[in-house]
Amino acid sequence: MSFSIIFDNWKLFLEGFVVTIQLVPLALFFGFFMALPLSVMRASSNPFLKWPTYSFTYFFRGTPLLVQVYLFYYGLAQFSIVKETILWSFFKDAYKVGLLSFSLNTAAYTTEIFRGAIERLPLGQIEAAKACGMGPLTRLRRIILPIALRKSIPSYGNEVIFMLHGSSICSLITIIDITGAARIVNSRYYGPVEAFFTAGVIYLCLTFCIVGIFKQLEKKFLSHIRR
Amino acid sequence: MKRQFKLLFLVMILGASFVSNGWAGSKKSADKVRIGVEGAYPPFSEVGKDGKMKGFDIDISYALCKEMGAECTLVKQDWDGIIPALLAKKYDAIIASMSITEKRKKKVAFTIKYYITPAKFVRKKGSGIEITKAGMKGKSVGVQSATIHDNYITGVYGKDVTIKRYGKQDEAYLDMKAGRIDLLLADSIALDDGFLKKPGGDAYEFVGPDLTEKKYFGEGAGIAIRKEDTELAGRFNKAIKAIRANGTYDKIQKKYFKFDIYGK
């Protein structure tokens, strides 16, 4: 066991770290803003809004992230409509494909989290809003989404952590993230313990930061219902 | 009553596990050899349509075992974990076209080589990419991660090209066909049989010289053994020489190649 192989390759781990802390927030960003309208659609009683979003979340929550990434990366490259059109400039790049599949995946989970929160809204508050003369959109903006989003903070924090850990899958499509760096170091020096231990510690620190951030968010936005 | 059954069941399980352990233990040391293979490196090692392992490495494994009088089981293992799994005693030898290099010798012992073939680049026909530092500037090259080819491209062209590293050789082929990479670097035989001669491979061609630089490409492919298993290494060495001498090796390689890949 020699951790000198880690110090010799600190640059590789740094590059991987940068990729991870770029890719994950970007995917979360896109996923979050996709999930906002999707969750409202998913919670609606209109079948034309409800069922398409349900199929979307059903597919992305029902299949492993790894399968989705492989489908997007190797699968789509088999079709000439992707390969020979302008689409290819997007799908050629492993990073963009990874970002796309992560965004869609986290969008699906986030949609279901928000949907749950929307459906659990106290009926009285919505009726009160109606009684005040608010239209559906105003209600959504002023009452439904603010309350639902606040209530989603704890479970959304979990989703962020899952996304961070799920992002390790991108190392399988030639993106060098933290796990990718560990895999390269492991395969070059045959030191799985050193390589993956280091990667694990980095993920642990990142998770710790995420937990801290969400604790602050809960304090700020959920203090009124703290017991 | 129920409790008694439970107890009986427990005793039976314990008894069975003792018996099977004892049996496996005594057999293994005598003449059972577990061999780690990769299964994603045609024509040397691949999973056939029927789900069985096939290829040059596989046939050679069975031939060597027969020669040694050992009973062999093949264990499929992905490349990037193939040496760690040997060290973790998941199997006793690696027969997976593994080149004998100084770096690997620090972790494992090798037998004598069982074949040697040069490495080569492949480009798309009409792409006009030349194998020089200037000609490859900014191009992307696909290699299998942690291979001699990875070491070579990293060591010689690392600053000039983008290196895409894949877990399996097959994945590099897929991305070459998809157009995500400009060049492939791999063993010339593997490229020829596993890529150029496969459907769609005729749009690609070899480019550049045969690469054999010993510093990177080692002394040919050998069988990797744990360092302490010197006796097994000796048996493998004897068996390799024997199948070379008695014609078994030739018979096997004729199935796959038109020339002698054993080298000098």
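The values are calculated or read from the model by the stated rules, or taken from the named source; none is laboratory data. Since we're looking at a predicted model, the values are computed, not measured. Cβ sites come from the backbone with ideal geometry, for glycine too, and all protein chains shown count toward neighbours. Areas reflect the complete protein model, heavy atoms only, side chains present, ligands, DNA and RNA absent. Shrake-Rupley method; radii C 1.70, N 1.55, O 1.52, S 1.80 Å.
Worth a mention:
- Any chance B:G36 is within 20 Å of B:Q144 (Cβ to Cβ), at pLDDT 90 or above and not assigned by TED's automatic domain parsing to the domain that holds B:Q144: yes
- Pair list, Cβ under 7 Å, 6 or more apart: the stretch A:186-208 residue within 10 Å of chain B (Cβ to nearest Cβ), other residue open to solvent by 30 Å² or more (accessible area, probe 1.4 Å) and not in a helix (DSSP H, G or I): A:Y190/B:K107; A:V193/A:M1
- Residues satisfying the stated conditions in the stretch A:34-49, i.e. assigned to a helix (DSSP H, G or I) and either in contact (Cβ under 8 Å) with a residue 40 or more places away in the chain or within 23 Å of A:R142 (Cβ to Cβ) (or both): A:M34, A:A35, A:L36, A:P37, A:L38, A:S39, A:V40, A:M41, A:R42, A:A43, A:L49
- Looking only at the stretch B:150-162, and only at residues there that are crowded, with 18+ Cβ neighbours inside 10 Å and closer than 18 Å to B:V207 by Cβ, the one that is farthest from the other protein chains (Cβ to nearest Cβ): B:Y157
- In the stretch B:164-175, the residues that are open to solvent by less than 30 Å² (accessible area, probe 1.4 Å) and within 12 Å of chain A (Cβ to nearest Cβ): B:Y166, B:G167, B:E171, B:A172, B:Y173, B:D175
- Selected residue (only one of A:K151, A:K96, A:K130, A:K50 is open to solvent by 60 Å² or more (accessible area, probe 1.4 Å) and within 14 Å of another protein chain (Cβ to nearest Cβ)): A:K96
- Counting only residues that are open to solvent by 60 Å² or more (accessible area, probe 1.4 Å), under 25 Å from A:Y95 (Cα atoms) and not charged (D, E, K, R), the stretch A:1-47 holds 12 of them.
- Residues being in a loop (DSSP other than H, G, I, E, B) and crowded, with 16+ Cβ neighbours inside 10 Å - total across the stretch B:51-107: 8
- Counting the residues of the stretch A:175-191 that are over 29 Å from the mean Cα position of the chain (by Cα) and open to solvent by less than 20 Å² (accessible area, probe 1.4 Å) gives 1.
- Long-range neighbours under 7 Å by Cβ, at least six apart or interchain, first residue open to solvent by 30 Å² or more (accessible area, probe 1.4 Å) within the stretch B:230-259, second aliphatic (A, V, I, L, M): B:R235/B:M68; B:N237/B:I112; B:T248/B:A63
- Entry remark, the stretch A:53-79: residues being within 14 Å of chain B (Cβ to nearest Cβ) and either outside any helix (DSSP H, G or I) or open to solvent by 70 Å² or more (accessible area, probe 1.4 Å) (or both) number 4 in total.
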